[in-house]
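Have a look at the structure below before the remarks.
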Amino acid sequence: MAFYYPDPQLESTSVRLRKWSVNDLACIEAASADPEIPQGTTVPAVYSEPEGLAFIERQLARQTSGQGLSLAIADTATDVAKGLVFLGLNRIRGHCRLGYWLIPDARGHRRGTQAVAMASRWVLTETDTHRLVAQVVPKNVASVALLRRLGFVEEGVLRSWLWIKDEAVDVIQFSLLRSDIA
Ligand SMILES: CC(C)(COP(=O)(O)OP(=O)(O)OC[C@H]1O[C@@H](n2cnc3c(N)ncnc32)[C@H](O)[C@@H]1OP(=O)(O)O)[C@@H](O)C(=O)NCCC(=O)NCCS
């Protein structure tokens, strides 16, 4: 199975989810400069134009290779990219994993909540996904609050699950099922 780009595009009053473009390098540069984002993603820890372009190529390849779908979170009014939502396929039928980030200057204005709400609803209603999973480190209070706000259910703690800075840390696993939003 592969995901296709949502058609029509997913859009709210503040954010649009769209395909990545080579014009989005400023967003990758800002994400690279963030202390957290490069740790849990393939955003380059040290930005350069070739690394930024390679990152964008990898996002486009997620769809063409069947790994899932990486969407830029863009400002609705300007179309400038401010972040990313990833919907990742795995080998189990109907399962999908969720990832997301915003560059620092875009945070705190409900853009994250709106972007994840649109992506989650779309993947659970417009594809054959029935189970969407997100994993968050407990100290990431904004991300935990976002998932709870959107009705994700806490399933438990996966102990020493994620490598961050050479340390295996716990994550809280959340899920949203198609039946949760019916
Ligand atoms: C997590 C992230 C996407 C949230 O996006 P955002 O647009 O800033 O968040 P929102 O404005 O939609 O707020 C979401 C919730 O977090 C709360 N929140 C936002 N910023 C917060 C902060 N700094 N401290 C505590 N709570 C915060 C909001 O009050 C809201 O909760 P509520 O609905 O109960 O009021 C963003 O902070 C981010 O990109 N962080 C770095 C990368 C990351 O952590 N990605 C997720 C990995 S699992």
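The values are calculated or read from the model by the stated rules, or taken from the named source; none is laboratory data. Not measured: the values here are computed from a predicted model. Ideal geometry is used to build each Cβ from the backbone, glycine not excepted, and the neighbour counts take in all protein chains shown. All accessible areas refer to the heavy atoms of the entire protein, side chains included, with ligands and DNA or RNA removed. Shrake-Rupley method; radii C 1.70, N 1.55, O 1.52, S 1.80 Å.
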Members of the stretch 44-57 that are loosely packed, with under 15 Cβ neighbours inside 10 Å and in a helix (DSSP H, G or I): Glu49, Pro50, Leu53, Ala54, Glu57
Meets criteria (over 25 Å from Met1 (Cα atoms), more than 13 Å from the ligand (Cβ to nearest atom), assigned to a strand (DSSP E or B) and touching a residue at least 24 places away in the same chain (Cβ under 8 Å)) for Ala168: no
Search result, residues across the stretch 65-87 that are surrounded by fewer than 17 Cβ atoms within 10 Å (Cβ to Cβ) and part of a strand (DSSP E or B): Asp75
Boolean, Thr113 is at pLDDT 95 or above, touching a helix residue (DSSP H, G or I) at 6+ places or on another chain (Cβ under 7 Å) and assigned to a helix (DSSP H, G or I): yes
Count of residues meeting criterion [open to solvent by less than 70 Å² (accessible area, probe 1.4 Å), near the ligand (Cβ under 7 Å from one of its atoms) and of a type in the set (D, E, K, R)] in the stretch 96-147: 1
Residue in the stretch 156-164 that is on the phi > 0 side of the Ramachandran plot, away from the ligand (no atom under 12 Å from the Cβ) and in contact with a strand residue (DSSP E or B) (Cβ under 8 Å, 6 or more places away or on another chain) present: yes
Single condition Arg97 does not satisfy, out of (1) in contact (Cβ under 8 Å) with a residue 24 or more places away in the chain; (2) charged (D, E, K, R); (3) under 19 Å from Leu25 (Cα atoms): (3)
Residue within the stretch 90-103 that is hydrophobic (A, V, I, L, M, F, W, C), farther than 24 Å from Glu36 by Cα and touching a strand residue (DSSP E or B) at 6+ places or on another chain (Cβ under 9 Å) present: yes
Residue list for the stretch 7-18, restricted to those being charged (D, E, K, R) and open to solvent by 30 Å² or more (accessible area, probe 1.4 Å): Asp7, Glu11, Arg16
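Residue-wise test of (1) more than 15 Å from the ligand (Cβ to nearest atom); (2) of a type in the set (Val, Ile, Thr); (3) surrounded by 15 or more Cβ atoms within 10 Å (Cβ to Cβ).
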position	(1), (2), (3)
Phe3	yes, no, yes
Trp20	yes, no, yes
Asp24	yes, no, yes
Glu29	yes, no, yes
Glu36	no, no, no
Thr42	no, yes, no
Gln63	yes, no, yes
